[in-house]
Amino acid sequence: MAKVLQKANSFYDIYERKSGMNKDITHYCPGCGHGVLHKLIAEAIDDFDIRDRTILISPVGCSVFAYYYFRVGNIQAAHGRAPAVATGIKRAMPHSIVISYQGDGDLAAIGGNNIMQAANRGEKITVFFVNNAIYGMTGGQMAPTTIVGQKTTTSPYGRKPENEGYPVRMCELISTLEAPLYVERVALGDPRHTNKVRRAVRRGLKNQIENKGFSFVEVLSVCPSGWKMTSEQAKDWLQEEMVKYFPLGVYKDESSKVETTEAKPHVFTIDNINENLSIPTRESASDKVEKKPQQQYRNPKLIIAGFGGQGVLMLGLGLAQAGMEAGYQVSWIPSYGPEMRGGTANCHVNLSTERIGSPTVSQPSLLIAMNAPSLDKFEKQVVKNGMILYNTSLIDKKPERSDIESVGIPATEIADELGNTRVANMVVLGAYIGLTGILDKKTLFQALPKFIKRNAMIPLNEKAIERGIEFVQK
Amino acid sequence: MAGNDQEYPKVVIREDECKGCGLCIVSCPENVLFEQKHLNRQGFHPAGYKGQGCTGCTFCFYQCPEPGAITVYKKGYVEEEVS
Ligand SMILES: Cc1ncc(C[n+]2csc(CCOP(=O)(O)OP(=O)(O)O)c2C)c(N)n1
Ligand code: SF4
Ligand code: SF4
Ligand code: SF4
């Protein structure tokens, strides 16, 4: 046991983030419970030696500025959303110690569902829930936890159950769930109780260090300003009135039943991300494409348009899927308006060796037009020296533009010869890769099962692609 | 001075960081803390130590909301420990 008790190392010496003067003191009111709890948390972080892997989520409420003080990783979350932010961090960085620090307005009102869902999922985080029975920051309005009879600015005659319902007891609610590991309610106020808070804080953190599960520590706290009391009156009111409605004690503790394990950090490298997403590494990208496309065909931005049922969305999806397997950066977004049913449909596709800034394509370098309205609609948007690939089976005129390359292909007729007009989209896809060399046939064939659900259809689609290639290469 | 038992236990209050809430004073079982007459930089009457009688029980430390306002040196504290 240390022979000196002083400001914890997990606090900044000087609170540089705080604006104005007085960067050596907190912004809290005299006697505020937040400061006491901060001290207990900081001390525990020091003692457990977890400062370099602790991430504290500051809520909205008086403790919104907790990140001014704690010398740990800090994130400030939107009102009530700290448990969701904590979930994301913890899952991405399982070895970190994630603390969701929240007031009662934040946790039990606006974030009520957020905390229940995180608890129900058993996120391996530690929640410190500061229940001061009021909205402190905004000037003392009633909170879900305001006790019956308590006067606040929005319950000036005292909370009445007929009007405002009963105070919400979060420990009781959360302990009905299957997943939470440890749920305890403690109270500040006098040295004996504060010592119990200290122990609960440490248990909550230890559970996470031992990778055991969701820990929820409710700390009954004082808000002398909101309660319009002196610090001493506030601590007495907490001990005499608040604890009657919020019984102290352990509501759930499964920690002895769960084995201690070590949470391993995820290692993020390009290779293992690609592996997880089944994307070949970038190096192999160009190897897979037999011949490099000529300059004007590289990094194409496509609009693929037709009427519903022509499979234009599928055409784009297939191109993006195969492109991804070939190692390109790809994007695909369908774009359909109210005319979706029976009307026209289109999608935007990018295939690029560079990062893609925006998935939407307003100036395509390639337009694939499967029917006449699509050609009319998008011809003007194609960039100079771009290309239009159009379905002559259904479009009986030529594109008007002379500053672009245009290639017509009787896709629907070829598909019909193969026995199914619906594979016209694959005929065009074949024509496209045959013309430009953006992908080779082998890669495209390998990708087919990823976007064609019915296996029986694959041979027909392969044939259609081959016919498209043959058509443009003869 | 190091290791001089006469000096410890003791409590040190950084007056400029004190908000005068008085929680340390009411928590002290030995009654050796008091509210000072003068005002500090922020306009609060800071808590003070009477100069003797502290047992190093740490009660005041854990009641004080301000992270740096109170330091408690327990019995047997030797100065080298801090550095
Ligand atoms: C989305 C949103 N809604 C409302 C507010 C206003 N607001 C700020 S703090 C607060 C209540 C905080 O109360 P509590 O969580 O009890 O924290 P305390 O201030 O008492 O520590 C509210 C409603 C906000 N900042 N953002
Ligand atoms: S308003 Fe209440 S909760 Fe907020 S800092 Fe002041 S005392 Fe603390
Ligand atoms: S450590 Fe204990 S005895 Fe000493 S001043 Fe603080 S409360 Fe009083
Ligand atoms: S508890 Fe802290 S802030 Fe309050 S009077 Fe004592 S030293 Fe000052």
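The values are calculated or read from the model by the stated rules, or taken from the named source; none is laboratory data. This one's a predicted model, so the numbers in the text were calculated from it and none came from an experiment. Counting neighbours? That spans all protein chains shown, and the Cβs are built from the backbone with ideal geometry, glycine included. Surface accessibility is based on the protein's heavy atoms, side chains included, excluding ligands, DNA and RNA. Shrake-Rupley method; radii C 1.70, N 1.55, O 1.52, S 1.80 Å.
In whole Å, what is the distance between the alpha-carbon centres of region A:39-66 and region A:389-411? Comparing the Cα centres of region A:39-66 and region A:389-411, I get a distance of 65 Å.
Take the Cα of A:ASN272, step 7 Å toward its Cβ, do the same at B:HIS38, and the gap between the two points is 6.0 nm.
Across the cross-link table entries A:LYS196/B:LYS19; A:LYS380/A:LYS463; A:LYS39/B:LYS37; A:LYS398/A:LYS474; A:LYS397/A:LYS442; A:LYS252/B:LYS74, which are compared at the Cα atoms, the separations over 31 Å belong to A:LYS380/A:LYS463; A:LYS397/A:LYS442; A:LYS252/B:LYS74. Peptide packing for A:145-154, A:14-23, A:210-219 was compared via the average number of neighbouring C-beta atoms within 10 Å per residue; ordered from the highest value, the list is A:210-219, A:145-154, A:14-23.
For the protein assembly as shown, rounded, prolate or oblate, judged on the Cα gyration tensor with a ≥ b ≥ c (square roots of eigenvalues), a/c < 1.5 rounded, else prolate if a/b > b/c? Prolate shape, in that a/c is at least 1.5 and a/b is the bigger ratio. The peptide list A:229-238, A:443-452, put in order of mean Cβ contacts within 10 Å with the highest first, becomes A:229-238, A:443-452. For chain A, the relative contact order is 10 percent, taking Cα pairs closer than 8 Å that sit 6 or more residues apart in sequence and dividing their mean separation by the residue count. Per residue of peptide A:4-12, the mean number of Cβ atoms on other chains within 10 Å of the residue Cβ is 5. Using a 1.4 angstrom probe on protein heavy atoms only, the contact between B and A buries about 2600 square angstrom of accessible area, both sides summed. For B:LYS75, a cut-off of 17 angstrom between C-alpha atoms picks up these lysines, skipping any fewer than 8 places away in its own chain: A:LYS3, B:LYS10. With the highest mean first, a sort of the peptides A:115-122, B:41-48, A:133-140 on other beta-carbon atoms found within 10 angstrom per residue produces A:133-140, A:115-122, B:41-48. For the segment B:22-31, counting C-beta atoms of other chains within 10 Å of every residue's C-beta and taking the mean gives 3. Shielding by partners for peptide A:188-194, expressed as the average number of C-beta atoms from other protein chains within 10 Å of each residue's C-beta, is 4. A Förster radius of 60 Å combined with the Cβ-Cβ distance from A:ALA2 to A:ARG355 puts the calculated FRET efficiency at roughly 0.70. Think of a 1.4 Å ball rolled over the protein heavy atoms: the protein assembly as shown then has 46 Å² of accessible area per residue. Using the rule -39500 (n - 2.57) for each DSSP H run of four or more residues, divided by the residues of chain A, the 222 nm mean residue ellipticity is -10000 deg cm²/dmol.
Compared with the alpha-carbon gap, the fully stretched path from A:LYS380 to A:LYS23 is longer by 122.4 nm at 0.36 nm per residue.
Within the straight-line cut-off of under 15 Å between alpha carbons, the aspartates and glutamates reachable from B:LYS50 are B:GLU7, B:GLU15, B:GLU30, B:GLU35, sequence neighbours fewer than 8 places apart in one chain being disregarded. To the nearest ten degrees, helix A:424-436 and the longest principal axis of the Cα atoms of chain A are 80 degrees apart. Length available on full extension from A:THR392 to A:ASP416: 0.36 nm per residue minus the Cα-Cα distance, which gives 7.3 nm. Straight-line cross-link reach from A:LYS264 at under 12 Å between alpha-carbon atoms covers these aspartates and glutamates, not counting any fewer than eight positions away in the same chain: A:GLU210. Across chain B, the mean sequence separation of Cα contacts (distance under 8 Å, 6 or more residues apart), normalised by length, yields a relative contact order of 43 percent.
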